[in-house]
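The values are calculated or read from the model by the stated rules, or taken from the named source; none is laboratory data. As the structure is a prediction and not an experimental result, all values here were calculated from the model. Note that each Cβ is placed from the backbone with ideal geometry, even for glycine, and that neighbours are counted across all protein chains shown.
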Amino acid sequence: MTGHRRNAITSEVIIVGGGMAGLSAAIYLGRAEREVLVIDNEKSMARWEPHVENFLGFPEGIGGSELLKLGRRQARKTGARFANDEIMKGSGKINGFVLHGNAGNYRARRVLLSTGAFHIPPEIEGVSDCLGHSMFYCKDCDGFRVRGQRIAIYGRENEAVRYALGMLFYSPSVIIVTDGKKPRWDRTRAKWVQEYGIAVYSKRLSGIRREGCKLKALKFGRDAEVKVEALFTTRGDIYLNRLAKSFGADLDADGQVLVDDQMRTSAKGIYAAGCVTPANCQMIIAAGEGATAAQAINNDLFEESLATHSLRRFREKQLKTWRETGKAPDRKRLSKKILTKDFAR
């Protein structure tokens, strides 16, 4: 579905983002007989993870890319469609929403934003090759993997201290490196650093020593180095909220899209799920949020069909087709025809 710009593609529900939240939502909505289009630019953070060990049902672990592949296959089995595009902005209409992408325009009655976030990597040459093997972003996801190892926390904010203290459950050897920057944690955390004997290295890093993707040491200057087997970075996140802002959805101070317990944003008809929301950014949590959003969207559309009598119109078509052919009409195909007519008005 890429190529030159053309007439808008319509769908009952559009999901922007094909990561764990988006795919989970697509599966649930597809199984609810909703016409679903997932618009994805294939940049989910899950693809970075070479070995995911904390996703339910995979006791031996699974690669993030493989998990995405399986999720797409499962969503397609329910009838969900996919478009490879990047949505730049959105706008509302009386009877739905319009999404403007690089490759085309799209229209839907409801929109789910699962655009995710971007973890800011440390500015250390060569460390990106260690991602998912000995350099990590999430202590809750990967602390278990580095039990008993020499662990370094990269950062200088309150979160760096929180990470360092949390990692003491996994190893007695935990340090903080600020990479030449002055620590900015508060007095309480400064006391904790002293109380728990956490060494702080404030000199600027000059590089790393590694064997393949396995970290061996952090280098300071020409000769000095500290042996390290795992590095957790806390430089922060960039929340991909541009589309949410174009719809007028409220954000928190960090840029996360605010949602209620049904994943509804402040913009009516716009939902959000996954790492772009204030949830703990983990794959299985994102998948759960996607399922919650999907059920809320399905219920919202169902209530609307009762209020507008569109369910009655479908029922009439259903019974007529059944009497004439002995077959049930495809609800998704029929809803698409109705939706296209509604937008044409």
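Structure values in brief
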| quantity | calculated |
| --- | --- |
| Wholly within the range 82-132, strands (runs of 3 or more DSSP E) carrying at least 2 residues that are among the basic types (K, R) and surrounded by 22 or more Cβ atoms within 10 Å (Cβ to Cβ) | 105-113 |
| Some residue of the range 105-118 being out of contact with any helix residue (DSSP H, G or I) (no Cβ under 9 Å at 6 or more places or on another chain) and free of Cβ contacts under 8 Å to residues at least 60 places away in the same chain | no |
| Where a residue in the range 37-49 is basic (K, R) and its partner, wherever it lies, is at pLDDT 85 or above, with Cβ under 7 Å and at least six apart | R47/G64; R47/S65; R47/L68 |
| Neighbours by Cβ (under 8 Å, 6+ apart or cross-chain): first from the range 52-74, under 10 Å from L23 (Cα atoms); second of a type in the set (F, W, Y) | R72/F82 |
| Selection count, the range 12-36, where residues are in a helix (DSSP H, G or I) and surrounded by 24 or more Cβ atoms within 10 Å (Cβ to Cβ) | 8 |
| From Y196, Y201, residue being at pLDDT 95 or above and surrounded by 14 or more Cβ atoms within 10 Å (Cβ to Cβ) | Y201 |
| The listed residue being more than 26 Å from A267 (Cα to Cα) and within 18 Å of the chain's Cα centre (by Cα), out of G61, G71 | G71 |
| Filter pass, K268 being part of a loop (DSSP other than H, G, I, E, B) and either loosely packed, with under 15 Cβ neighbours inside 10 Å or not assigned by TED's automatic domain parsing to the domain that holds G96 (or both) | yes |
| Selection within the range 271-294 - closer than 19 Å to L243 by Cβ and in a loop (DSSP other than H, G, I, E, B) | A273, G274, C275, V276, T277, P278, A279, C281 |
| Considering residues of the range 217-253 that are hydrophobic (A, V, I, L, M, F, W, C) and in a helix (DSSP H, G or I) only, the residue surrounded by the fewest Cβ atoms within 10 Å (Cβ to Cβ) | L243 |
| For R73: the one exception among (1) modelled with pLDDT of 95 or more; (2) part of a helix (DSSP H, G or I); (3) touching a helix residue (DSSP H, G or I) at 6+ places or on another chain (Cβ under 7 Å) | (3) |
| Residue match in the range 154-168 (condition: outside any loop (DSSP other than H, G, I, E, B), closer than 30 Å to A108 by Cα and of a type in the set (F, W, Y)) | no |
